[in-house]
Amino acid sequence: MAPNAHAAPEANGVAGSDDIVAVRDLHYATSGREIFKGLDIRIRRGLVTAIMGPSGTGKTTLLKLITRQVEPDRGSIIVDGRDLGRLNRTQLYALRQRMGMLFQNGALLTDFDVFENVAFPLREHTDLPESLIRHIVLTKLHAVGLRGAATLMPAELSGGMARRVALARAIVMDPKILIYDEPFAGLDPISMGVIVRLVRQMNDALGITSIVVSHDVHEISILADQTYLLSEGTVVAAGSPQELRTSPAEVVRQFMDGLADGPVPFHYPAPDYQAQLLAREGS
Amino acid sequence: MTLLRELWRALRGMLETLGAVVLFLVRMLAATPAALMRIGLVVQQVYNAGALSLVIIMLCGLFVGMVLGLQGFDLLQRFGSEESLGTAAALGLLKELGPVVTALLFSGRAGTALASEIGLMRATDQLSAMQMMAVDPVRRVCVPRFLGGVIAMPLLAAIFSGIGIFGAQLVGVRLMGVDAGQFWSQMRASVEIDDVMEGVIKSCVFGVACSLIAVYEGFNSQPTAEGVGRATTRTVVISAVVTLILDYMLTAVML
């Protein structure tokens, strides 16, 4: 599969009714660096979609754009039929109530225990009686296997446990879309396996759409239905994990096989090595 | 020319920051009615900013009052009017030292705590997580802390002044032998309600300024360890400078 070969029909800018997120001609630059140069992505309803790519390609930035934590320079982002650029704060917050996001570090509220962290969105957005809140929170904690940890404080949790609590919090409002930012980073193999299983389980059991940003090739090939590979500000390949694994494209091969050098260079752009060594100090 | 250009750039930067602070205040005031619906959050912050600052405020108030008693006695003795020590101590504390020193101590204890707490929440993505949960962090985090500081400051200043007068009495009456009846009666006769109100107004204004600076610096800090440290330092420095400038302006207006 040549770069963009599979991406072409997906990224033709025409969102189908099956698309829950459609990113069209997205341009975004920060600190004088162009992160996205006309990015097109379509995320289909009900699937687990992985966004992969080397570090620094803007995967997390893409999630921030999809949730409008940052604004694009150009292009449009349609989420569940709503153009993000046209929403006011109230409409945006209403849309976000239908989205859940799992941050890389969990982002649990450190003043609250596990129970209160999961109960937080319910207390903020509903007037449910305490007995019902307790019932819902314990159900969600049970789903992630941490009902017994309800009284622990975030500082007492391991990295994997913190992410599972954050997952319980993300699903407590029954969202349509769940977004995971590097859910496997820094986890031991058991915790990683637990998170993979939970992401799949949540997606299928709750009928939601999952967007997973990661560069863990093995976990993504088990988990994802659809994968986008980003590099240099655009989609360089798209398809199922199996299609990416068999792709002959050089950039895909480098990423999937973990090669140190290739289209994504080992060296950060720098002046000529010899000239720099021989140059006088300060010149 | 270069100097002028630099001065203009610095002035423009200051005006931009001032504009941003005013906009932030307007945003907080707009969110205040909603935040007041959950009064428990505000009460919690009054406890954090006020009750937890009580020991340092009382201790400093006592010693400031004692120093005032010593210095006042020494000065007034030269004119043979040491019986006016109560009046001098009360006016000095109620109108000036109470509000100002309380504001300085408040920014050092509660202000830094507010700025670092909010800054750390930003650095650990807690504020972003709230936004993603469709919860406005300004309403949920900043406004209760701001209101807590605004409410706590006049109360702390009143306690500071009260303890300070007690400290001045301790030194003047018990140690230096000023007549207790003269000390209290002269104070009652000379201190007007306007003097008390001057201190109350000052402490309210300082409460708004110091709490606003702390919350603004924390909320707008860089999400790094260095950024949080810088926000904390800026909170203390800016609060101290703003308190003293405002003190002069308020004194000039109310005299």
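Laboratory data are not the source of any read-out in this text; all were calculated from the coordinates shown. Bear in mind that the values here come from a model prediction, so they are computed numbers and not experimental data. All Cβ positions, glycine included, derive from the backbone under ideal geometry; neighbour counts span all protein chains shown.
Worth a mention:
- GNM top mover of A:Ala22, A:Ala224, A:Ala270 - chain A, alpha-carbon springs below 10 Å: A:Ala270
- Mean residue ellipticity at 222 nm, helices only, chain A: -10500 deg cm²/dmol; runs of at least 4 DSSP H residues each add -39,500 (n - 2.57), and the sum is divided by the number of residues.
- Efficiency of FRET from Cβ geometry, B:Thr17 and B:Ser190, R₀ 60 Å, rounded to 0.05: 0.90
- A simple charge model with +1 on the Cβ of Lys and Arg, -1 on the Cβ of Asp and Glu and nothing else charged puts the dipole of the range B:115-255 at about 300 debye relative to its Cα centre.
- Relative exposure of A:Glu219, B:Glu6, judged by other C-beta atoms within 10 Å (fewest first): B:Glu6, A:Glu219
- Rounded to the nearest 20 debye, dipole of chain B from Cβ charges on Lys, Arg, Asp, Glu: 780
- Label-point separation in nm, B:Ile201 to A:Asp188, each point 7 Å along Cα→Cβ: 6.5
- Cα-based shape type of chain A, given that a ≥ b ≥ c are square roots of the gyration tensor eigenvalues and the cut on a/c is 1.5: prolate
- Approximate spin-label separation A:Tyr268-A:Arg89, in nm, with each point projected 7 Å along Cα-to-Cβ: 3.7
- Charge sum, other residues only, whose C-beta stays under 14 Å from B:Leu255's C-beta, Lys/Arg counted +1 and Asp/Glu -1: -4
- Based on Cα atoms of the protein assembly as shown, Rg over Rh with Rh as the Kirkwood radius reads 1.11.
- Per-residue Cβ neighbour rank within 10 angstrom, fewest leading, A:Tyr228, A:Tyr28, A:Tyr268, B:Tyr47: A:Tyr268, B:Tyr47, A:Tyr28, A:Tyr228
- Overall form of the range A:83-201 per C-alpha gyration tensor (a/c, 1.5; a/b vs b/c): oblate
- Rounded to whole numbers, the Karplus 3J(HN,Hα) couplings from phi for the range A:18-30 are 7, 7, 9, 10, 10, 9, 10, 6, 7, 10, 8, 10, 9 Hz, using 6.51 cos²θ - 1.76 cosθ + 1.60 with θ = phi - 60°, and x at Gly and Pro.
- A:Asp225-A:Arg197 pseudo-label distance in nm [points 7 Å out on the Cα-to-Cβ vector]: 2.2
- The range B:1-113: C-alpha gyration tensor shape, a/c 1.5 cut-off, then a/b vs b/c: oblate
- Taking Cα centre as origin and charging only the Cβ of basic (Lys, Arg, +1) and acidic (Asp, Glu, -1) residues, the dipole magnitude of the range A:163-283 rounds to 440 debye.
- Of B:Gly207, B:Gly13, B:Gly65, the residue with the greatest mean-square motion in the GNM of chain B, using alpha carbon springs below 10 Å, is B:Gly13.
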